[in-house]
Structure formats: C-alpha cells, structure tokens
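Visitor: One structure follows; several queries about it will come next.
The values are calculated or read from the model by the stated rules, or taken from the named source; none is laboratory data. Owing to the predicted nature of the structure, the values given are computational and were not obtained by experimental measurement. Positions of Cβ are generated from backbone atoms using ideal geometry, with glycine treated the same way; all protein chains shown enter the neighbour counts. Please note that ligands, DNA and RNA were not included when accessible areas were found on the heavy atoms of the full protein model with its side chains. Shrake-Rupley method; radii C 1.70, N 1.55, O 1.52, S 1.80 Å.
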Amino acid sequence: MTHHSEAAGAPGTEQITLRNPSELAEALPYLLGFKPEDSIVLVALHRGRFGGRVRLGIPERPGDWPSVAEEMAKCLIGGCERKDGTPDGIVAFLCRDPKTTETGRQIRERLQPLAQMLRLACGRLDVPVVEALCISDDHFWSYSCPVEECCPPDGTPLAASGTSVTAAAMTYAGIQVRRPLREMRARLTPWQTAAVPQQEHALDAAAMALVPRILAGVPRAEVADETLDLARRVWSRFGHLPTGDGTLESDLRDDEQLAHDEAARLILGLQDRLTRDHAAEWMEGDEAPLALRLWRALARRCVGPYGEHAAAPLTLAGWVAWSLGDRVEAGEALDMALAADPRYVFARLLMEACSADLDPEPVRRSLRKTRDERNVTPSEATSQRTFDGAGAGAAAGAGTGAGSSTGVKGKGAADRNGAGSPGRPSAEDSREQAEDRVTRALEAALRRRGSRRAGAGKGPSQAGAYAPRRPQGRRRVGRQGTRRDG
C-alpha cells in the first residue's frame, strides 16, 4: 500500500478550490503526482483541505475487497490521527480502464460493491465518505449522486489532460504530474529482450567465480570492496552521458555503459547485506542520482532465475528515491523488492517508514556515521571502541527477524571471529560492528512513531505481483554471514 500524507498543493500559500465531482476527478493525478491505474485511492479532508491519502491496487478477487477496504480505512484514518487529527471526511476513487470489450459503465457497475465496502469501513471508524468516484475510459461516475442530469449513466467525460481549469490552477501552483506508474515500473522490471540469455550466462559465471572464493576463506571485506569499487566506476560513467529527453532514452544509454559481466558481479556482490548497506551511503549530493540510475539498471538485469536477487538493487533504488524526496518511485521500487523477496527486512522497514511519512534523515545520519567510522585511524578506532564498551558489535544481526543464513560458512567466518587483538579491532571487525545499524535506525524511528504493523506496505493484490518463477534446484548464491531475509 502506498501512503501519501503530504499536504495537497504546492509548497506555498496557494489554495485551490474544487467545487464538484468533475473537478475532483480531474485533480486526482495532481493530488498523487501521477495518474493512478487499477487503483483504490482514499483522500482525507480536514476542514475543507486535503490531507493524507492512501493508494492500493484493486484486487482481482472480490473476496479480498472487504479486508482491503478495512485495512485502507485503518491505514488512512490512523495515520491522519497521528499527524493532523481525525479527518472530517474522505473522498474515495476507484480507477480502472477497460482491458477487453468491457465498457467504462460496466466497470463502474462491477466496482460498486467495493465502493460500498469502503463507505462502511470508513463509517465504522466514524469518518464519512463524502464522495466516491469511479474513473474509467476517460469518464467518471459518482456513486454518491443519483441525479442523472448531473451524473448521467454513461458517465461524464473528463477534460483532455492538462486542458481543464483545474489543471491550469494546479500547474500554476507548481503541482506536477509524473509519468504513469507502468512506465515507472518498466524502468525497474527485468529485461525481456534478446540479450536475456547473455545476461543469465554472465550471472551464472559470476556465481561460479564467487562461491570458490568464499569457500577458500576470502575475507568478506575484500569481496565487498571489489563490489563497491566496481559500482563507483560504473556510475561515474553515467555522469558523462548526455541527458536524454525521456526515461527510455536515458535507460538505454545507461544499459550500454554496463557490461553483462559487470552487472552480474554487482548483483551477486550486493546480496551481501553489509555491502548493500555501504552502497546505501550514496544517498545524497551528486552521487545519489547516479547511484539511483545504477540500481535501476541492475534491477533490469536480474533476469530468469535470478529474479529474487533483484530485492537488493530494488531496495537501494527505493531508499535513494525516498532520500531524494520521491516517495512515488520509492513506494513502487520497495513494493517490487518485497514481491521479489517477501522476507527482505530492509525493504519491509523502508516501506513502513515511507508509509508512515517518516523523515529519512535519521537513516542518513546512521549511514554517515558508518562511513565516517571506516575512515578513522586505528588509534581513533581503538579509543572509540573503549569509550563505547567492548563487544558493541555483538548485536550485529539482531532485530532483523527470523531467517536462515544462505551464505557459505567456512574458514573466513572463523577467522573473522578471531581477528584483531583486544582493544584493537581489525578492519573486518569494524565493518561487522556497523552491520545492521541501518535497520536498527529504521526500527527505532518506527518505534518512536508507533507505526510498526504487520505487513505494512503490502496488500492482497500486490503480494507476488512481480515475483518471477525460479526453476527447481537453483539456489540463491549468498556470502559469508549473509542472511536470506536481508
């Protein structure tokens, strides 16, 4: 479930008055920042102003509708109560375009029970649904108005995109509409081109090269450094590319700069949780946009049986997008990450934080601290360890949920436990101490907000929506100490 709780309107004092269902329907893409597709949208009203909003895909099975209606009502009203108080009312939108010979009017009739369930769910929480609209095939219908003169049975046509008075007012206020969600998801979806066999072969080769090194006891830090150095070299190439006019053009240029074997080594390397957390440090400044392009490109390369591996680059894409203030792309990327691996804890915590409208700054501070600690001298590290108390890193891995290790444990793990002398940690030890600091920072922020809830960010219609099939007998390749749940 994507939860948008920012105030409607531009970051200024401009106010836009919407007087009728037609203007509400035309304003919806501006309220969300994109045109919703196959979506239920609930928008809260506070003394005549728009407040929080939630969006979820419409479940195909009508049997899922009652639970979805209840969860969306609780999510929106509960979130509003924590931030702005109980809403005065709610506007509900059901958006679905015809896919076969079905007409918009038929869709309106088929979704009418869902509209009624949303009314009842909100009413049970003492908040009325003041308007419920169905938007389909460039028309809208009101479920609340029985008068045919203003709400005809065949629907009311919507104004052409960007031509209505409402669109002009929204644009003047600085509110923009993003590209459709399907285009956003396409930037993160694995390839379905003739190059797929080559990329899959490169992934197989990278896995075969990595596992023997792990079994030979190569230190985890060495493999992590190789992965991060390669990532820096690749995204630095992106900075020299001309800016394309569209997302497709830009993505194609990025793909041309990333060789199959490089993509494979990066994807396999990011399966290590500590390597992923260090890569997450590229979340601000000039580095962030380039890193986001790299994470998108790697998500597109998780082809065939490596679909589950996409959880890491998708989560990084979601994190950087959220850090840059783009909650729309962040929500889509994190939802796809959880579809690729539902037990990926970092993605689940980030989704909860986005849904709760938390500030990403505490997570950024945690990452900055980790980066700064890696750059201190050995004497400074010793002094800091003495101050903090020996054994501070023993909690690494705690609080991340249940899950079995998928890495190969061998000589390297034992060596790390014995590496370094008392009071003087090795470089490997200092890395281990920082592990899971990001997840701990997220969990602490969520506890302070009181927003932890089971299954946050996932609805019945979304679970597994993007999960590719994996052939039997293929195991996910991990690293030493890497947990499956991320």
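Visitor: Within region 92-146, report the trypsin sites (Lys or Arg not before Pro) that DSSP leaves as loop and that have at most 12 other Cβ atoms within 10 Å.
Guide: Filter output for region 92-146: K99.
Visitor: Also, quick follow-up: Give a residue-ordered list of calculated ³J(HN,Hα) values for region 48-65 (Karplus: 6.51 cos²θ - 1.76 cosθ + 1.60, θ = phi - 60°; whole Hz; x for Gly, Pro).
Guide: So the Karplus estimates, Gly and Pro as x, are x, 10, 6, x, x, 8, 10, 9, 8, x, 6, x, 5, 8, x, x, 7, 4 Hz.
Visitor: Another one. Can you give me the distance in nm between label points at V147 and E284, each placed 7 Å from the Cα along the Cα-to-Cβ direction?
Guide: Label-label distance for V147 and E284, simple model: 5.3 nm.
Visitor: If Lys and Arg each add +1 and Asp and Glu each add -1, what is the summed charge of the other residues whose beta carbon sits under 11 Å from the beta carbon of L298?
Guide: +2
Visitor: Oh, and also: When a/c reaches 1.5 or more, the comparison of a/b and b/c decides; with that in mind, is region 84-142 rounded, prolate or oblate per its Cα gyration tensor?
Guide: It is prolate, given that a/c is not under 1.5 and a/b is the larger ratio.
Visitor: Under 19 Å Cα to Cα from K99, which aspartates and glutamates show up? Leave out anything in the same chain fewer than 8 places away.
Guide: E37, D38, E60, E109, D137, D138, D154, E183
Visitor: At 1.4 Å probe size, with every protein chain present, just tell me what the per residue accessible area of region 278-360 comes to in Å².
Guide: It amounts to 18 Å² per residue over region 278-360.
Visitor: Taking Rh as the Kirkwood radius computed over C-alpha pairs, what is the Stokes-Einstein D of region 33-163 at 10 °C in a medium of viscosity 1.306 mPa s, expressed in µm² per second?
Guide: The diffusion coefficient I find is 105 µm²/s.
Visitor: If you restrict to DSSP beta bridges whose two residues both lie in region 18-132, what percentage is antiparallel, to the nearest 5?
Guide: Bridges in region 18-132 that DSSP calls antiparallel: roughly 80 percent.
Visitor: Using modelled amide H (1.01 Å from N, peptide plane; none on Pro or chain starts), what sits under 5 Å from the amide H of F140, excluding residues fewer than 5 places away?
Guide: Placed amide hydrogens put T156, L158 under 5 Å from F140.
Visitor: Let's see if you can work this out: charge +1 on each Lys and Arg Cβ, -1 on each Asp and Glu Cβ, no other charges. What is the dipole magnitude of region 188-254 about its Cα centre, in debye to the nearest 20?
Guide: Dipole about the Cα centre, nearest 20: 180 debye.
Visitor: Can you work out the FRET efficiency for the pair R371 and A444, with r the C-beta to C-beta distance and R0 = 22 Å, to the nearest 0.05?
Guide: 0.70
Visitor: Would you mind checking which residues have amide H under 5 Å from G57's amide H? H placed 1.01 Å from N; only 5 or more apart, or other chain.
Guide: I40
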